[in-house]
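Quick notes on the structure that follows.
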Amino acid sequence: MANRYVLNLNEQSNGDYEVHKNGCSFFPKTNYDELGEFYLCSSAVNEAKRKYPYKKINGCYYCAKDCHTS
């Protein structure tokens, strides 16, 4: 089953912008961009990078751990 993913548009202290899966305890309530529904976090991260090529995109450590790099 596909999951809904969003990009948190609030920059983290390390400069990252994090991709979150619906249901994550760190899912932003405001200031986010809907990325869509994906089976893999890597697809959601790739979509975020396509939409925001100038931002440092990373997966959330808690809900997209396979895509978390820093």
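Just so it is clear, none of the values below were taken in a lab; they were calculated from the coordinates. Worth saying up front: this structure is predicted, and the values here are computed from it rather than measured. All Cβ positions, even for glycine, are placed from backbone atoms using ideal geometry, and neighbour counts span all protein chains on display.
Taking the inverse of the average 1/r across all pairs of different Cα atoms in the chain, what Kirkwood radius in Å do you get? Before the final figure, lay out the partial values.
On the way: mean 1/r = 0.0866 Å⁻¹.
This gives a value of 11.5 Å.
Under a point-charge model restricted to the Cβ atoms of Lys and Arg (+1) and Asp and Glu (-1), what is the dipole moment magnitude of the chain relative to its Cα centre, in debye to the nearest 20?
Computed about the Cα centre, the dipole is about 60 debye.
Between Asn46 and Gln12, 0.36 nm times their residue separation minus their Cα-Cα distance comes to what? Please list the in-between numbers first.
On the way: separation 34, 0.36 × 34 = 12.24 nm, distance 1.87 nm.
Result: 10.4 nm gained on full extension.
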